[in-house]
Amino acid sequence: MLKNRRSCLNPFFEEFALKAILFTDLRNIRFLCGFTGTEGALLIAPGHAWFLCDSRYTVQAAEEVQGSEIRECGAVRIETIAALAEEYALDRIGFEAVHTTVSSFRSLSEKLNSSELIELGAKLDEIRIRKDNAEIILLSDVATLSSQSLAAILPGIKPGVREEEIALALEIEMRHRGADGRAFDFIVASGERGAMPHGVASNKIIQPGDLVTIDFGAVKDGYHSDETVTVACGKPGLQAQEIHSIVRSAHDLAIRAVRPGISCKDLDEVARGYIREKGYGDFFGHGLGHGVGLEIHEMPTLSPRSATLLDEGMVITIEPGIYIPGFGGVRIEDTVVVTGDGCTVLTSADKQLLVL
Ligand code: ZN
Ligand code: ZN
C-alpha cells in the first residue's frame, strides 16, 4: 500500500513542526500516491492527504490515486490549496524547494497568506532513496528487459554501421519487449568519441578496431534501468585491451565492496584508487555512480564527496571509466540493489571485452 510510504515524511513533520507538505514534483507524487499523469499536486498532512488535479485528470486520478481525497481544481490550483489550508488550519506548510520555481513560490506566498511556507531542500528527495519490494521488482524487470534488448541487437554492431543506427535499433528492441520508452538519449561513442563520457550517438560510422561504449536503459512503469558496455569492433589494440581490463577490475572490486554501512565516498575510492594505482587516475573524472528509480539519476550520489552511507534497498549504479582524449575510452556499468550483506546485480549484459 502506497500510503505506508508516507511514514518517511514523519521526520519532516516533526523537525519543522509542519501541518502539511505540498508536493508538485511528479516523481514524488507518483511515489506517494500512485498518480502517473503529467500535472497535479499532493498535499499531505499527518493522517490525511488531498490530491489536486484539473478536470483532464479526474477520471485517471480516481483509478490510480491511493490514500488521498481527490479534489478537482479550477483554472488556478493555488486557490484550492489556499482554501484547504484555511479549512484545515494548515498554518505551516513545507514545500519542495528544489522543484519549485521562483514564480510558483511567489504565487504560493501571495495566496497562502495565512500559512507560513517552509522550504524543504534536497533532503526531501531522499524519501525515495531506499526502494521497497514493489519498486525492486519493477527495477529488476526493466533492467532485465534492457539487458536482453542489447543482447538481441549485438550482432548488428559492426564496422560500417552508424552510431545512431545502433541507438535506434536498441530503442525499437526495447519497445518490442514492452518498455514504455528509453530512459535517456543513449550514449554510443566509438573510437576517439569514446573519450567523451556523455557522447550521445552521432552519425559517425564505426571503424574496424574501434572500441564502442554503449550506455543505455529503458523505462517501464515509471522505473528506469541504466547499464553500460564497451565492446570492440574487430581486434582491439593493446592499450584498448589494457584499459578495458583495468575498468572491469575496478568495476568488479567496487561491486564486491557494496554493503550496508559503507559510505558512498569509500565505495567510490575502491574503484578510483585501483584506477589511480594502474596509472590512469587522471582519466576518470566523474563519480562512481548514482541512485536509479523513478528518475534516472537520483539519490544517493557516489562520488569522492558523498558521505551518505549505503543501506539495504538502495539501488545504485557502479560505473567506473577511463577516458583518454585523442584515443577513446571505456566505461562499464551495472545497476545493483544493496542487500543485507552485499548486493544483487540487476543488469545482466556481458561485461567481458566482446570482440564483434
Ligand atoms: Zn548509464
Ligand atoms: Zn549511470
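The values are calculated or read from the model by the stated rules, or taken from the named source; none is laboratory data. Quick caveat: nothing in here was measured; it's all calculated off a predicted structure. Cβ atoms come from the backbone with ideal geometry, glycine included; neighbour counts cover every protein chain shown.
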- Message: What's the number of the only condition in (1) within 16 Å of ligand 1 (Cβ to nearest atom); (2) out of contact with any strand residue (DSSP E or B) (no Cβ under 8 Å at 6 or more places or on another chain) that Gly281 fails to meet?
- Response: (1)
- In the stretch 179-197, how many are surrounded by 21 or more Cβ atoms within 10 Å (Cβ to Cβ), over 16 Å from Glu165 (Cβ atoms) and within 15 Å of ligand 1 (Cβ to nearest atom)? 2
- Note on the structure: Within the stretch 212-251, the residues that are more than 14 Å from ligand 2 (Cβ to nearest atom), in contact (Cβ under 8 Å) with a residue 60 or more places away in the chain and of a type in the set (D, E, K, R) are Lys220, Asp221, Lys235, Arg248
- Query: What strands (runs of 3 or more DSSP E), lying completely within the stretch 112-219, carry at least 3 residues that are under 26 Å from Leu294 (Cα atoms) and not assigned by TED's automatic domain parsing to the domain that holds Pro260?
  - Reply: 116-120
- Given Ile322, Ile296, Ile318, Ile332, which one is within 25 Å of His99 (Cα to Cα) and either within 14 Å of ligand 1 (Cβ to nearest atom) or surrounded by 15 or more Cβ atoms within 10 Å (Cβ to Cβ) (or both)? Ile296
- Query: Any residue at all in the stretch 173-195 that is free of Cβ contacts under 8 Å to residues at least 24 places away in the same chain and touching a Leu at 6+ places or on another chain (Cβ under 8 Å)?
  - Reply: no
- Task: Those residues that are within 25 Å of the chain's Cα centre (by Cα) and among the acidic types (Asp, Glu), I need them from the stretch 22-77; list them, please.
- Result: Asp25, Glu39, Glu64
- Message: When you check His286 against the structure, is it over 30 Å from Gln207 (Cβ atoms), touching a residue at least 12 places away in the same chain (Cβ under 8 Å) and either in a loop (DSSP other than H, G, I, E, B) or within 16 Å of ligand 1 (Cβ to nearest atom) (or both), yes or no?
- Response: no
- Query: Within the stretch 80-92, is there a residue that is surrounded by fewer than 17 Cβ atoms within 10 Å (Cβ to Cβ), touching a strand residue (DSSP E or B) at 6+ places or on another chain (Cβ under 6 Å) and among the β-branched types (Val, Ile, Thr)?
  - Reply: no
- Lone qualifier among Arg256, Arg305 - being assigned to a loop (DSSP other than H, G, I, E, B), of a type in the set (Lys, Arg) and surrounded by fewer than 16 Cβ atoms within 10 Å (Cβ to Cβ): Arg305
- Query: Taking the stretch 227-238, which residues are out of contact with any helix residue (DSSP H, G or I) (no Cβ under 8 Å at 6 or more places or on another chain) and closer than 20 Å to Ala179 by Cα?
  - Reply: Thr228
